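Here the structure is laid out as C-alpha cells; the discussion comes afterwards.
The values are calculated or read from the model by the stated rules, or taken from the named source; none is laboratory data. Note that the structure is a prediction, hence the values are computed from the model and not measured. All Cβ positions, glycine included, derive from the backbone under ideal geometry; neighbour counts span all protein chains shown.
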C-alpha cells in the first residue's frame, strides 16, 4: 500500500470514528447536532496541548482527552434539553462557530498560528506512522463500532431509541430525558474527541480552520448518506464521501463542483441514506433474500 | 374504605389566564377504579398530566402512596409506580411491538449508571414482555413495527407497556376511544383483570356506558372545577351534572 | 436513476485513464495550489505563472535536454488534502522537486513529508515559520512576516517620515508576525515614531468603518493596514470616504491588480511593501509581464511572481548541478544560490534555515498601477 | 347527485385507514357520518377536500371525477371545509380570515353582501373583526371557521367534528346554525361527528363508520331507533 | 458624539444589508420551515448576473431587473427540485441538500466567472449629504434608500394585497389555505421568487458597496443569517429585519468601542445564544 492510499485511509478511518460519534447523538438519540466538528476540534486541541505543553504521552493524554470532550459535550448538550428542532440545529451551528473562534482568537490555543510539533503516537517503543498508524486508527474504529453496538444493546441505548421515537411516552416509562440525552451527547462527543486526538497526532499540527462548520456538514452528510441510526451507515458514508474527492482528483478545477452536485443528487434521491430504510441497497438486498425464499 | 393511594388537595393548574384546574381535590383508594368524566375542556387530561408529572401544578398538593409528588418529572412518577396510557396513542413507531414493551421493562435499570449499561436483549426480558403481550392478545404482532399497528392494537400495546412497569396505579386516558364495539368489550375485560391483580386505576372516559360500568366511583369535572363525586348511580341522578354535562336538552351525553 | 448510475461509472473510468496517461522521459516537478474554494484566486495566479515558467524552460530545451512536466493538484488550502496529495506526488508521480504554491496551512503540513522523503521544497508565498523549520530540504522564496514587518516600519519611518502610526492588521498568522516585525523595528530604530492605535480585525471583515472612525480621531501620519487586497481595497475606499488624509501603507497581501479595481480613486498614493517590482527593467521581469498579460489578459500579482521564482530556483539548481534526480545535490545547489536574477528581485541567497534573502520592494499606486517607490535592502532589516 | 363516492380507500404510509367506503349526498341534503374517534371519518372528509390523497376509488362532484385534482381547485368549484378544531389562521385578523375564504373571487358587491349576512349570523365576529384569530375563544374560532367556509357561497359544505371541544350550549347553537343553513338556504352539508345523537337529530341521512368501513346507513330517524346503534353509539 | 453618530450610521447600513439578505431566508423559513442556506448562493449569483449585465449594457436599471428575474427563476428551481420533494424528511436532509446547492453554485460561479475578485464599478444614483460634519456618502445613502424601499414594498405586498394575505395564510396553515382555494405550491414558489429577487438586489448592492464580487461572497452570510432568523424568532419576517439591524449596530459599536476583534459571524451566534437564553422563541417569535 502506498503512503497516499494509507493517508486517505487514515483520514477516512478518523472521520468514520467522528461520524460514529455523531450517529450516537443524531441517529440513536434523535438529537440534531450540526456542530460536531467542534468536538472533533476540542479533542484535537486537548490532545495537542496535553502532549506538547503538558508533556503527556499520547496514551497518557487519551483518557483525559476523552474526559474533556465528553464533559464539554455534556455542557454543550444542555441546550438540547430546552431547545427543539430548528432552534437546536442553529444553536449547534453557533456552538461550532464560537468554538472555532475561541481557538482562533485565544492565544492559549495558539491563535491563528495553530499548534505545531505534536509528537507521534508511540506504541511498544515504536513511533507509529504510515501503515501502523492506519491500523491503530482502524483498531480504534473497531473499538468505537463495538461500543456503538454494545450501546444499542444496552438499556441506555434502548432508552435513547425510546426518547428519539417519543419523548413523552418514554419518560412515562421511567426514562429520564435529561440523563439519557446527555449520556448520548457524552458518548458521541467523546468519540469525536478520540477522532480529534488521532487527527492531531497524525497531522502533527492543527489549526482552528480544520474544525469549522464545513467539517460538521461533511460529518453529518456521512451519517445521513450512510444511513442514520444504522451501525454501519456512518462508516460507509465516511468511505464514500472520503473517496469521492480522490476519484474526482484528476478533474482538478471541476472536482468540487462534481462533488457538491453528486452530494446533492444522493441526498435528493436517497434521502434516507444508503443503508437506511427504503434505500436502494436495502431493496436489492431484500429482493435477493425474497428470491431465495421463493 | 381501604388505604388512600393517591390524593389531590386543592390542585390548581393555570395556563396564562386559563384556569384548567381550579382547586380540585379527590382521593383514590387502593384497589379502586376511579372514573374522571366531564365535557371536553373540563380539565381531565390536565388533571392526568399533573398526576403523572408532565405539569407542575400552579398550587396544591398531590400525594402518591403517602409521598408528596407534585413537581416530580414523569420518569420519577413511573419509578414510583404510576403507569399511563395516552389519549392520542404514542407508540415508539419504529421499534417493534415487543421492543415497545421491553422499553417499559427497563424501568429498574434506568436509575443507575451500571444497570443501564446492561443488555436488554436477554431471553428473560423477552419472555416477560411476550407474556404481557399475550395477556393483551398481541403476541402474534410482536415482531411488527409498532407504527404499523391499527389503533385498537395500539391501545392494547399501551396497556401492555404500562403494565410492564409493574405499577401500583394505572392512568388510562380515553383508552377506549376509537375502538370497535368488540374491542371495547375486550379492553374492559382487560381493565377488570388488571384491577383484580391489585392495580388501582384512574381513568378518563368519554363513553358513558364504559365509564359507568367500570368505575367504582366517579369524579365529574367541568371547566376546571370539581362538580361532583360519587358512585355511578349518584352521578347519574345529580341534577348539576345533568345540567352541565348533558346540556339543557340532555341529548349530547355521548361521544 | 439508471442514467445517473451509468454516468457515475463512466466518470470513474474516465478519471482512471486521465491519471494513467502520463508520459515518460520528463522531469516532474510537483505543485499544490488552491484551485477551488475560498483561495482559488491565489491558486490560479500561482498556477498561471508557473505555467509560463514551464513553457519558458521547455522552449529553451528543458532541463538537461529533458522536458519539464508540472504535476499540479488542488489542495483547497486544506491541510488534510495537502498531506494525501504530497504522498501522491511522491509515490505515484515520482516528482523530483516541489513548489508549494499554497497557503501556510497546507504548506506547513506537507513540508515535513518532503523533508522526510528528501525532496527539495520551495514555498512560494506561504509565510508560516514552520514551513522552513521542517528541515534542510525546505526553502522559502517569500518573506517572513517579521522581515516584511520590519521593512514596513522602515518605510513608514524613513521613507514616509511618519511621527505617528496606526496599526490595523488582519488577525491571521501573517498579520500577527507582521506586527511583530513592525514593533521589532520600532523598538530598535524608531523611537521617534509613535504607535498611536493598534487593532486587529477578523479575517472575514469587510467593513472597516468602526476601526477607521477611531483612527480618524487619532489622526496618524501613516496607517499600516495589513491584509489581503480584498480587505485593503474596501479599507482604502472607506478611509477616504470618511475623510481620512493619512498615508496608508499595506503589504504584499494587497499586491494585486484587483486592489486598484476595488478601491478605485482611493487607491491612488497607497504604498505597499512587497517582493515584486513591475518597474524593474531586467528582461526577466519585463518578459514575464508581457507574457502574462498576453496570455491571461490580466495583470500579474506578487503571488504569481513568487511561485514563478519558486519554480525557477529549482530549475536553476538542477541546471547548475546537472542532475534532475540527485535530490541532495539539488538541495545543496539551492542553498548555495547567490545573486540569482529572479523575477522578485536579485535573490542574494538563502539562510541556513532556508529563508530567502532579497530586498523588499516598496511600491505606490499611480494611475491605478503599482509603480516603484523605493527599496529596502539594508541587510540588517532583510535578513530573517 | 351532488357528491358520489365509490370504493374510497385512504392510506397513510403503509397503513390503510379507510377500506373502501361508498356513499353519496344529494343536492340540498344534510348527511352525517358518525363513528368513534379514529374510525376514519376525518380522513374521508380530508380526502374529499383533497388534503389527503385517496389511494383508490372515485369521488364524483356534480358528475365529474375530482379525485385527482388538487385541493385549491376543489375549493374553487364549490367545496369548502370547516376543519376539525377550526384551524383558523391564528395570526390573521378575523376579517382577514374571512377574506381568505374569498380568495380568487372578485365580486366586490357580492362580497359585501355575504359579509353582512355572516356578521348577522355570527354577530360576535363583527365585534372581533380586527382581532387576531388566535385571541378568540374556542367557540368563536369554530364560528369563524364556519363563516370562513360559507363566505364563498359553497355548493357543498364539509363539517368536521364541529362539536369537539365546545361547551354543550355552544354545540347546540352551532348545530342550530347548520340546520338553519340547510333548511332555509338550501345548503348541502356533509357532517362528520362523534356526537352521534346530536347529528342524528339534525341530519336526514346517516352513515355509521367503524374502523374504516361503513357498518350501517339509512335515514336518521330510523337509525335513532335501531337498537344496535342505540347500544353502541348512544349508550342508551 | 460625532464619532458615535458615525458609528451608528455605519451600523445601520450594515444592518440594512443584513436585513436584505436575511429577509428571503425568513420568508422561506416561514412558509416551508427549511433552513435555506443556498439563499446565500442566490445572493452571489445575483451579484454576478448583475455585474455581467452591467458590464455589457452599462445600465444599472437593466442590471438590477435582469438579475432579479434570473435569481427568481433560480430560487424557484431550487424550491421545485430540491426542497419540495424533501419536505417530508427530517429538517437536516433538506439542509444538507441546501448546503450542497450552495457549494455547487459557488463552484459554478468560479468556473464560469473565474476565481478572481471582480469589481463592480457602478455609480448608484443617490446623493451624498453632509449633516453637522457627518458625511453620508452616496453609497451609504443608497444602502439606506434601497433597503428602506425594498422593506416598504415588501410590507405593502404582505399586508395590503391579496397575494400577501395568501402568503401569510399559507405560512400559517398550508393545508387549510389550499382548501380555501389558494394554490399553495404556487404561493410557495412566489415566496421563493420574492425572496430570491430581494437577494439579487442585496447581492448587487453589496457588490457595489464593497466594489467586489467573488465566488465565495455568500459563505459568511450563509450561516450568519441563520443566527439572525433565530434571534428574530423563527419564521417572523419583521423579527428577522429587526434582528439584522440591531446586530449591525451592535457589531459596529462593539468593534468601534470595545475593540473586540471577534469574527462577526461568531458575534452573531453569541448574540443568538444570549437571546435564546433570555427569550427562547426569539425577539418577535412566539406563535408556535
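If we keep just the residues of the stretch B:141-152 that are more than 9 Å from chain D (Cβ to nearest Cβ) and touching a helix residue (DSSP H, G or I) at 6+ places or on another chain (Cβ under 6 Å), which is surrounded by the most Cβ atoms within 10 Å (Cβ to Cβ)?
Of everything passing the filter in the stretch B:141-152, B:146 is surrounded by the most Cβ atoms within 10 Å (Cβ to Cβ).
Which number in (1) assigned to a helix (DSSP H, G or I); (2) touching a residue at least 60 places away in the same chain (Cβ under 8 Å); (3) away from chain A (no Cβ under 11 Å) marks the one condition that residue B:128 misses?
Condition not satisfied by residue B:128: (2).
Which one of these does residue E:142 not meet: (1) crowded, with 19+ Cβ neighbours inside 10 Å; (2) in contact with a strand residue (DSSP E or B) (Cβ under 9 Å, 6 or more places away or on another chain); (3) away from chain D (no Cβ under 14 Å)?
For residue E:142, the failing item is (2).
Just to be sure I understand, how many residues within the stretch C:162-185 are part of a strand (DSSP E or B), free of Cβ contacts under 8 Å to residues at least 60 places away in the same chain and more than 14 Å from chain A (Cβ to nearest Cβ)?
Of the residues in that region, 3 qualify.
If you check residue A:112 against the conditions, is it in contact with a helix residue (DSSP H, G or I) (Cβ under 9 Å, 6 or more places away or on another chain), modelled with pLDDT under 85 and in a helix (DSSP H, G or I)?
Judged against the criteria, residue A:112 is a match.
When you scan the stretch A:109-116, do you find a residue that is buried (at least 16 other Cβ atoms within 10 Å of the Cβ), over 30 Å from residue E:221 (Cα atoms) and within 11 Å of another protein chain (Cβ to nearest Cβ), even just one?
yes
Within the stretch D:202-228, work out how many residues are crowded, with 22+ Cβ neighbours inside 10 Å and assigned to a helix (DSSP H, G or I).
Final tally of qualifying residues: 1.
One line per residue, one yes/no per condition, for (1) within 14 Å of chain D (Cβ to nearest Cβ); (2) touching a strand residue (DSSP E or B) at 6+ places or on another chain (Cβ under 6 Å); (3) at pLDDT below 90; (4) crowded, with 20+ Cβ neighbours inside 10 Å:
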{"residue": "B:157", "(1), (2), (3), (4)": "no, no, no, yes"}
{"residue": "B:164", "(1), (2), (3), (4)": "no, no, no, yes"}
{"residue": "B:170", "(1), (2), (3), (4)": "no, yes, no, yes"}
{"residue": "B:181", "(1), (2), (3), (4)": "yes, no, yes, no"}
{"residue": "B:184", "(1), (2), (3), (4)": "yes, no, yes, yes"}
{"residue": "B:222", "(1), (2), (3), (4)": "yes, no, yes, yes"}
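Return the residue satisfying two criteria in turn: it lies in the stretch E:107-128 and is part of a helix (DSSP H, G or I) and more than 8 Å from every other protein chain (Cβ to nearest Cβ), and of such residues it is farthest from residue A:225 (Cα to Cα).
E:113
Do you know which residues across the stretch C:186-195 are surrounded by 13 or more Cβ atoms within 10 Å (Cβ to Cβ) and within 22 Å of residue C:219 (Cα to Cα)?
The answer is C:186, C:190, C:193, C:194, C:195.
Would you confirm whether any residue within the stretch D:2-22 is touching a helix residue (DSSP H, G or I) at 6+ places or on another chain (Cβ under 7 Å), more than 14 Å from chain B (Cβ to nearest Cβ) and more than 28 Å from residue D:174 (Cα to Cα)?
So far as the stretch D:2-22 goes, yes, one or more of its residues are touching a helix residue (DSSP H, G or I) at 6+ places or on another chain (Cβ under 7 Å), more than 14 Å from chain B (Cβ to nearest Cβ) and more than 28 Å from residue D:174 (Cα to Cα).
Having 2 or more residues that are at pLDDT 80 or above, over 14 Å from the mean Cα position of the chain (by Cα) and surrounded by fewer than 21 Cβ atoms within 10 Å (Cβ to Cβ) is the bar; report the helices (runs of 4 or more DSSP H) wholly within the stretch A:195-294 that clear it.
So the answer is A:233-247, A:255-269.
With the requirement that a residue be crowded, with 17+ Cβ neighbours inside 10 Å and assigned to a loop (DSSP other than H, G, I, E, B), what does the stretch A:130-173 give you?
Correct list: A:166, A:172, A:173.
Could you please find all residues in the stretch E:153-201 being assigned to a loop (DSSP other than H, G, I, E, B) and at the interface with another protein chain (Cβ under 9 Å from one of its Cβ atoms)?
So the first thing to find is which residues in the stretch E:153-201 are assigned to a loop (DSSP other than H, G, I, E, B), and the list is E:161, E:173, E:180-183.
Matches in the stretch E:153-201: E:173, E:180, E:181, E:182, E:183.
How many residues are in a loop (DSSP other than H, G, I, E, B) and free of Cβ contacts under 8 Å to residues at least 60 places away in the same chain when one looks only at the stretch C:127-161?
Residues in the stretch C:127-161 being in a loop (DSSP other than H, G, I, E, B) and free of Cβ contacts under 8 Å to residues at least 60 places away in the same chain: 5 in total.
With the stretch D:85-201 as the region, which helices (runs of 4 or more DSSP H) entirely inside it contain at least 2 residues that are over 20 Å from residue E:180 (Cα atoms)? Outline the logic, then answer.
Details: elements: D:94-101, D:108-121, D:123-127, D:138-150, D:168-185.
Answer list for the stretch D:85-201: D:108-121, D:123-127, D:138-150, D:168-185.
Identify the single condition in (1) more than 14 Å from chain A (Cβ to nearest Cβ); (2) over 23 Å from residue B:111 (Cβ atoms); (3) in contact with a helix residue (DSSP H, G or I) (Cβ under 8 Å, 6 or more places away or on another chain) that residue B:42 does not satisfy, given that it satisfies every other one.
So residue B:42 meets the others, but not (3).
Any idea which of (1) at the interface with chain A (Cβ under 8 Å from one of its Cβ atoms); (2) closer than 30 Å to residue D:170 by Cβ is the one residue B:99 doesn't satisfy?
It is condition (2) that residue B:99 fails.
Here are some conditions: (1) within 30 Å of residue E:161 (Cβ to Cβ); (2) surrounded by fewer than 23 Cβ atoms within 10 Å (Cβ to Cβ); (3) touching a helix residue (DSSP H, G or I) at 6+ places or on another chain (Cβ under 9 Å). Residue D:73 meets all but one. Which one does it not meet?
The failed condition is (3).
Hey, residue C:320 hits all of (1) in contact (Cβ under 8 Å) with a residue 40 or more places away in the chain; (2) assigned to a helix (DSSP H, G or I); (3) touching a helix residue (DSSP H, G or I) at 6+ places or on another chain (Cβ under 8 Å) but one; which does it fall short on?
So residue C:320 meets the others, but not (1).
Which residue out of E:177, E:169 is over 30 Å from residue A:227 (Cβ atoms) and in contact (Cβ under 8 Å) with a residue 12 or more places away in the chain?
One residue alone meets the criteria, E:169.
Can you go through A:222, A:173 and tell me which one is away from chain B (no Cβ under 11 Å) and either under 30 Å from residue A:280 (Cα atoms) or free of Cβ contacts under 8 Å to residues at least 24 places away in the same chain (or both)?
A:222
So that you can scan it fast, the table gives a plain yes or no per residue for (1) over 25 Å from residue D:107 (Cα atoms); (2) within 14 Å of chain B (Cβ to nearest Cβ); (3) more than 18 Å from the chain's Cα centre (by Cα):
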site	(1), (2), (3)
D:152	no, no, no
D:202	yes, yes, no
D:205	yes, no, no
D:225	yes, no, yes
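List the helices (runs of 4 or more DSSP H) that sit entirely inside the stretch A:12-107 and contain at least 3 residues that are surrounded by 24 or more Cβ atoms within 10 Å (Cβ to Cβ). Let's see the steps before the verdict.
Details: elements: A:36-52, A:58-77, A:79-82, A:85-105.
By residue number, A:36-52, A:58-77, A:85-105.
Do you know which of the residues in the stretch D:90-106 that are within 29 Å of residue D:195 (Cβ to Cβ) and out of contact with any strand residue (DSSP E or B) (no Cβ under 9 Å at 6 or more places or on another chain) is surrounded by the fewest Cβ atoms within 10 Å (Cβ to Cβ)?
For the stretch D:90-106, the residue satisfying everything is D:98.
Among the residues of the stretch D:113-168, which ones are out of contact with any helix residue (DSSP H, G or I) (no Cβ under 9 Å at 6 or more places or on another chain) and buried (at least 21 other Cβ atoms within 10 Å of the Cβ)?
Passing the criteria: none in range.
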